[in-house]
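First comes the structure, then the notes that go with it.
The values are calculated or read from the model by the stated rules, or taken from the named source; none is laboratory data. Everything quoted here is computed from the prediction, not taken from an experiment. Backbone-built Cβ (ideal geometry, glycine too); neighbour counts: all protein chains shown. Just so you know, the surface numbers come from the protein's heavy atoms only, side chains and all, with ligands and any DNA or RNA stripped out. Shrake-Rupley method; radii C 1.70, N 1.55, O 1.52, S 1.80 Å.
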Amino acid sequence: HAHGDEGETPAPDTTGDHEAEPGHDHGEHAHGDHAHDAVVPAPYAGRTNPLPNDAEAIRQGSAIYTARCVNCHGEKGAGDGRAAPKLDPKPTDFTDRTHLSAMKDDYLFWRTSEGGAMEPFHSKMPAWKDRLSEEERWKVLSYIRTLVK
């Protein structure tokens with residue numbers, strides 16, 4: 001996948017206020033309803049970030065994010081990178097506190113590792129498991145947690 005092909009990382013919607021059918025476009029969180037059914041598979045299930053709130057991991061994660069993720073997810077993580085307008089579904093907005101807090105570490109690690117070319121996501125998000133080490137992926141996720149407003 002080319003760098004500009006990354007896409008959304010939807011999260012489970014825990015607000016309970018969506019009455020539309022799954023798959024109905026809810027703006028920026030298109031296809032997010034499908035995540036209700038997304039079960040984090042082994043070997044990702046139950047994983048937790050070994051580097052939470054680690055200043056050096058966050059610094060290194062920021063550099064990786066800038067090099068690999070900013071094109072789609074945006075400089076400040078708002079899902080508004082220069083490639084975002086042509087992506088459907090749209091990249092995840094990591095600044096949305098409610099949306100990000102609904103995503104557990106294992107879910108984020110799974111989605112970052114395996115990408116979005118699967119049910120129910122169907123996004124352009126590439127699989128990073130063969131491009132970034134496990135530690136690098138956790139560092140990016142440590143940084144992403146700092147982007148909430």
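Pairing residues of the range 50-72 that are modelled with pLDDT of 95 or more with residues that are β-branched (Val, Ile, Thr) and surrounded by fewer than 17 Cβ atoms within 10 Å (Cβ to Cβ), at Cβ distances under 7 Å and at least 6 apart in sequence or on separate chains, gives ILE58/THR146.
If the condition is being over 24 Å from SER133 (Cα atoms) and either of a type in the set (Phe, Trp, Tyr) or touching a helix residue (DSSP H, G or I) at 6+ places or on another chain (Cβ under 9 Å) (or both), then the range 82-101 contributes ARG82, ALA83, ALA84, LYS86, LEU87, PRO89, LYS90, ASP96, HIS99. Checking every residue in the range 92-106 against the condition of being of a type in the set (A, V, I, L, M, F, W, C), touching a Pro at 6+ places or on another chain (Cβ under 6 Å), part of a loop (DSSP other than H, G, I, E, B) and modelled with pLDDT under 95 gives at least one match.
When ASP33 is tested against (1) out of contact with any helix residue (DSSP H, G or I) (no Cβ under 9 Å at 6 or more places or on another chain); (2) at pLDDT 95 or above; (3) crowded, with 19+ Cβ neighbours inside 10 Å, just one condition goes unmet, and that condition is (2). Considered as a group, the residues in the range 107-149 that are modelled with pLDDT of 95 or more and aromatic (Phe, Trp, Tyr) include one that is most open to solvent (accessible area, probe 1.4 Å), and that residue is TYR143.
Condition first: of a type in the set (D, E, K, R), open to solvent by 50 Å² or more (accessible area, probe 1.4 Å) and outside any loop (DSSP other than H, G, I, E, B). Can you find one or more residues in the range 70-84 that meet it? The answer is no, given that none of the residues of the range 70-84 is of a type in the set (D, E, K, R), open to solvent by 50 Å² or more (accessible area, probe 1.4 Å) and outside any loop (DSSP other than H, G, I, E, B). Could you check the range 110-149 and list, in sequence order, the residues that are closer than 16 Å to VAL40 by Cα, of a type in the set (D, E, K, R) and in a helix (DSSP H, G or I)? Answer for the range 110-149, where residues must be closer than 16 Å to VAL40 by Cα, of a type in the set (D, E, K, R) and in a helix (DSSP H, G or I): ARG111, GLU114.
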